[in-house]
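Notes to accompany the following structure.
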Amino acid sequence: MVCCKKDHDIVPEVAREAPSGLIVTFVVADCDTVHQNALATKATIIEARIDMPYGQRRML
């Protein structure tokens, strides 16, 4: 079962260790704009924008 593998490509490398937190997902119309806003506010970006194999673009 792919969804349960912590070393699967969809799981960010920093989240592949023992569980210690959570990821909250926000669906937005324009990931690039959100990324620019995050940079402008000096937010910590854990994972740069990436196009996922299932067609979405994400950042953490």
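Throughout, read-outs are computed from the coordinates displayed, never taken from laboratory work. Given the structure is predicted, the values throughout are model-derived calculations rather than measurements. Counting neighbours? That spans all protein chains shown, and the Cβs are built from the backbone with ideal geometry, glycine included.
A few points about this structure:
- Screening VAL11 against (1) assigned to a loop (DSSP other than H, G, I, E, B); (2) touching a residue at least 24 places away in the same chain (Cβ under 8 Å); (3) surrounded by 10 or more Cβ atoms within 10 Å (Cβ to Cβ) leaves a single unmet condition, (2).
- Segment 37-59: number of residues that are surrounded by 10 or more Cβ atoms within 10 Å (Cβ to Cβ) and either touching a residue at least 24 places away in the same chain (Cβ under 8 Å) or not hydrophobic (A, V, I, L, M, F, W, C) (or both): 10
- Qualifying residue in segment 22-31 (condition: more than 10 Å from the chain's Cα centre (by Cα) and part of a helix (DSSP H, G or I)): yes
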